[in-house]
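Please read the structure below before turning to the comments.
The values are calculated or read from the model by the stated rules, or taken from the named source; none is laboratory data. Keep in mind that what you see is a predicted model, and the values were worked out from it rather than measured. Methodologically, a virtual Cβ is constructed for each residue, glycine included, from the backbone with ideal geometry; neighbour enumeration extends over all protein chains shown. These area figures cover heavy atoms from the full protein model, side chains too; ligands, DNA and RNA do not enter into them. Shrake-Rupley method; radii C 1.70, N 1.55, O 1.52, S 1.80 Å.
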Amino acid sequence: MYIYPDNLTSRAVLWLWELRDVAVVGIGCVASVFLLAQFGLLLPIVATAVYAFLSIRVEEASILDFLRYALRFFLLRQQDYRWGFSRRREALL
């Protein structure tokens, strides 16, 4: 069942996935079946199933989005911590 967005600014979804995710999972399934039939590789099917599970959307959020944000926060961006009093706080004391 195709669900059109209510306010025309959110992304269109099909069942529990965005349409982009449906396309990625579909292409991944076709490629995985081909690789399984030709070479006996099971890893692409597992990777496609894991991606399909992580990209399930509930209320505009998915586990994959959370993992992307966490990876960006903890590993890819520099964190800047400043310790000590600010001038404004010192003036109050």
**Message:** Quick check: with the 1.4 Å probe, what order do 60, 18 take by accessible area, largest first?
**Reply:** 60, 18
**Complete:** Residues whose modelled amide H sits under 5 Å from the amide H of residue 41, counting only those 5 or more places away in sequence or on another chain, are 36
**Request:** Take the eigenvalues of the Cα gyration tensor for the range 5-81, scale each by 5, and report the square roots as semi-axes in whole Å, largest first.
**Result:** 28, 21, 8
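Heavy atoms only, probe 1.4 angstrom, no DNA, RNA or ligands counted: give me 58, 13 ranked by accessible area, highest first. Present the calculation step by step, with values, prior to reporting the outcome.
Working: 58 95, 13 30 Å².
Highest to lowest solvent-accessible surface, that is 58, 13.
How would 82, 77 rank on accessible area, largest to smallest, probe 1.4 Å?
Descending accessible area places them as 82, 77.
Quick one: if the Förster radius is 41 Å, what FRET efficiency do residue 30 and residue 79 give, using the C-beta to C-beta distance and rounding to 0.05?
Approximately 0.50, to the nearest 0.05.
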